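> Got a structure for you, written out below as structure tokens; questions coming shortly.
The values are calculated or read from the model by the stated rules, or taken from the named source; none is laboratory data. If you're wondering where the values come from, they're calculated on a predicted model, not measured in any experiment. Every residue, glycine among them, receives a Cβ derived from its backbone with ideal geometry; neighbour counts consider all protein chains shown. Remember, those area values only see protein heavy atoms, side chains included, never the ligands or the DNA or RNA. Shrake-Rupley method; radii C 1.70, N 1.55, O 1.52, S 1.80 Å.
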Amino acid sequence: MNKKDIANIRKQFKVNNDLLKLNEIFNVYIMKESSDIYHHQSTPFEMLEVEQQELFMANFKKVLTGQLDEKVFELKFQRDVENSSQLILHQGLLSPETEDWKEQMLKLVEKMLKDKQYEMDIVVTFIRGEYRKPMKRQSEEGEESEKNTVYSHPFILCSMNKTLDPKKELLFDYVEKEFKYNFVVDPIINLNAPISGFLFPCFTENAADVNHILYSAGKANELNYHFIEEVLNAEEAMTAGEDKIVFEEIVKKVVGDQIDTATLSNVYEEINRVVEENEEEDVPKLDYKDVEKVLKNSGIEDVDTEKVETAFKRVIDDESYELKASSIMPKYNSKSIKIKTKIADISISPQDLRYVRQIQFDGKLSLMIEVEENTVIEGFEVIPEVLFEKKQENEE
């Protein structure tokens, strides 16, 4: 799934939407002390009160919210796995009876509880529904667009949420005119911050892909590998942050730890060019040959295929690995390059990096930034250094 596919289904999660039909909602309450199922309950989604539906809809949207390869990941199922989650989910998706669907989902919960101790009570929520996408829209002389034939996509979505400790509060009773201690026994289910979740199957444009699952992490670049491998039985994923680190280490192996800002700016420009030239691809990737080409076109000398291939082997132990260009490329039209110094931290856009230099000035290591006009700090125009020196000479 690409960003557009995810956004298309995410925006459908709203109450009374004829393009999204949710059949059952199945909640499972797990105790932290024993890792046992304390209670589970299945309900037709339409039987919930509107307020409850809205709370869950917001929760489901959060599962599908976040940057691709940072918080949400399309994962491929492992093959030849005993008690495969892919098979469990597929059977649950096709089960005509609610009891059969519940049985399959409880099998997944059992895998969640195996060799796992949670810090808080956990509520696992499953929904089974149908996502409908119009094939096309047509408009006739200003009239409202009519939906033609739709693509129908059955799916299962899971959301895992922590519970919060009940609040102990001091209340004021207006009638009795006295302060009272209030303690709510029931735990609160935190639907605002899912700790994990998934969508099955994945959807690419208008086709379902049962060989992949969309996994959602609780926080960006913090994957739960136990959940990915043991619960979902999916292959490991590399986060965008990890891809960026791998790229940086590979470049260091090839050119060394030091590089001037102009060359570094050229490297980012070359990667940006690769992204723009492959706009039709969902995820432009760079293998060791592409990285070699990027470095050569950036003006780096003494770069050859063998050296780059060896760097891939040493860093990632896989010369056939492909880096996602979008992961290693800073956002080109934003101040996404961070320059860290002991005195101050500076943010700058990749294309402006060429105007930054590290120089020796007056016997000290300094950072020089070339500017086209006078610098303004807190509303004051800064006096250029040369004029400042002349002013001092005149005063003397």
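> Among the residues of region 1-35 satisfying the criterion of being free of Cβ contacts under 8 Å to residues at least 24 places away in the same chain and part of a helix (DSSP H, G or I), which is surrounded by the most Cβ atoms within 10 Å (Cβ to Cβ)?
Checking each candidate, the answer is Ala7.
> Taking region 49-63 only, how many residues are without any contact (Cβ under 8 Å) to a residue 40 or more places away in the chain and open to solvent by 30 Å² or more (accessible area, probe 1.4 Å)?
Residues meeting the conditions: 5.
> Still on this model: Here's a check for you: in region 64-110, which residue that is without any contact (Cβ under 8 Å) to a residue 24 or more places away in the chain and under 23 Å from Ile195 (Cβ atoms) is most open to solvent (accessible area, probe 1.4 Å)?
Glu110
> Also, quick follow-up: Which of the residues spanning region 209-254 are aliphatic (A, V, I, L, M), modelled with pLDDT under 90 and closer than 14 Å to Lys76 by Cα?
Correct list: Ala237, Met238.
> Go through region 279-320 and give me each residue that's within 28 Å of Thr204 (Cα to Cα), assigned to a loop (DSSP other than H, G, I, E, B) and in contact (Cβ under 8 Å) with a residue 40 or more places away in the chain.
Asp282, Val283, Pro284
> Right, here's the next one. Kindly list, by first and then second residue, each pair from a residue in region 185-214 that is crowded, with 18+ Cβ neighbours inside 10 Å to a residue that is acidic (Asp, Glu) and assigned to a strand (DSSP E or B), limited to pairs with Cβ atoms under 6 Å and residues at least 6 apart or on different chains.
The qualifying pairs are Pro201/Asp209; Cys202/Glu74; Cys202/Asp209; His212/Glu74; Leu214/Glu74.
> Additional query: Return the pair list, or none, for Cβ contacts closer than 6 Å from residues in region 216-230 that are under 19 Å from Lys62 (Cα atoms) to residues that are β-branched (Val, Ile, Thr) and modelled with pLDDT of 90 or more, at least 6 apart or on different chains.
Ser216/Val63; Ser216/Val72; Gly218/Ile195
> Just to be sure I understand, how many residues within region 225-258 are open to solvent by less than 50 Å² (accessible area, probe 1.4 Å) and either assigned to a loop (DSSP other than H, G, I, E, B) or at positive phi (or both)? Walk me through it before giving the result.
To start, the set of residues in region 225-258 that are open to solvent by less than 50 Å² (accessible area, probe 1.4 Å) comprises 227-228, 231-234, 237, 239-241, 243, 246-247, 250-251, 254-256.
Next, only the ones that are either assigned to a loop (DSSP other than H, G, I, E, B) or at positive phi (or both) stay: 232-233, 237, 239, 256.
Going through region 225-258 one residue at a time, the tally reaches 5.
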